[in-house]
């Protein structure tokens, strides 16, 4: 056993989370916490761990939230990537946000759907040009022989699109996570954390309950 790792410990004591603190709408509650993360100077507060499952095997990676409304949480990626293929196979996913500066975590479970072509095109149009070129250069999740090969592909594409707008690749676009479950976690001392969850009912309303830490 590595005792140096075992000794790593952080006690959480910034604040608690009570039922009366929560907005009845979980999207509104998330936006409140997200805005507080922004104000607290959290680096990339929109970074979220996206977890997928394929053939019973889980997979996870960090992606960036790019839009949020009452419909769901939107991110963008290559539709031919490993995660995209997994979501085509099983559209149920989980996303996790962790804002250590606020000692908070939000877990969301839901089902993904692709964004419209217009939504994908509108976001692609405002991406940095380098990122637009990168979307064409990378056959995401496929074998890459060397870094030099990627850089050569990128250079050729920069030359191809020189002096012109970069169009959105047909294999690139967005997904929206439509939640049926939210968990708002506030760290507390002695690992006695606050965990309050929203569960969507068959009628479309949200029920709130507290869980043991």
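Only the coordinates and a few stated rules stand behind these numbers; no lab work does. On a predicted model such as this, the values are computed, not experimentally measured, just so you know. For neighbour counting, all protein chains shown are included, and Cβ atoms are generated from backbone atoms with ideal geometry for every residue, glycine included.
For the reader, a short list of remarks on this structure follows.
- Residue within region 119-131 that is crowded, with 17+ Cβ neighbours inside 10 Å, in contact with a strand residue (DSSP E or B) (Cβ under 8 Å, 6 or more places away or on another chain) and within 30 Å of residue 17 (Cβ to Cβ) present: no
- The sole residue among 99, 136 that is under 30 Å from residue 206 (Cβ atoms) and buried (at least 18 other Cβ atoms within 10 Å of the Cβ) is 99.
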